[in-house]
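The values are calculated or read from the model by the stated rules, or taken from the named source; none is laboratory data. Worth saying up front: this structure is predicted, and the values here are computed from it rather than measured. Neighbour counts run over all protein chains shown; Cβ positions are idealised from the backbone, glycine included. Side chains included, ligands, DNA and RNA excluded: accessible areas come from the protein's heavy atoms. Shrake-Rupley method; radii C 1.70, N 1.55, O 1.52, S 1.80 Å.
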Amino acid sequence: MSLDRIELRGLRARGRHGCLPAERELGQEFVVDAVLGLDTRPAAAGDDLSRTVDYGSLAGRLVAVVEGEPVNLIETLADRLAIECLEDPAVSEVEITVHKPSAPVPHPFTDVAVKIRRSRP
């Protein structure tokens with residue numbers, strides 16, 4: 001059986017993640033995409049929010065992670081975001097992309113991003 005998807009894309013939050021002192025001091029905007037894999041049939045059958053993921057609530061929890069404890073790497077941030085998504089028992093797998101559009105890259109660029117996939121063991 002293939003899983004259904006709920007996608008939350010372009011979630012913006014300010015964090016103080018990075019290896020450079022200025023990144024920690026000034027902070028910057030991060031953009032998060034979360035793609036959740038789950039079975040939405042129980043929710044659809046009963047038209048019942050409690051049987052699926054409340055993406056409004058999830059957005060708040062993900063913003064809290066981005067705004068929370070600073071880390072050096074966006075790889076670490078992505079992992080923390082994936083763990084938060086998997087806390088919801090309805091979610092079987094998640095793909096997280098963390099974009100760092102203001103990364104300290106000394107050349108013109110459009111985006112720096114890390115994409116990870118995690119699932120329940």
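Okay, here's what the table says:
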read-out	value
Cβ-based charge dipole, the chain, positive-most Cα from SER119, VAL31, PRO101	PRO101
Charged-residue dipole, Cβ positions (Lys, Arg, Asp, Glu), the chain about Cα centre, Debye nearest 20	200 debye
Degrees separating the helix 74-86 axis from the principal Cα axis of the chain, which is the longest one	20 degrees
Kirkwood Rh (inverse of mean 1/r, distinct Cα pairs), the chain, angstrom	15.1 Å
Phi to ³J(HN,Hα) by Karplus 6.51 cos²θ - 1.76 cosθ + 1.60 over the range 104-119, Hz, x for Gly, Pro	x, 10, x, 9, x, 7, 9, 7, 10, 8, 10, 10, 10, 10, 9, 9
Nearest-10 value in Å² for the accessible area of VAL71, using the 1.4 Å probe	10 Å²
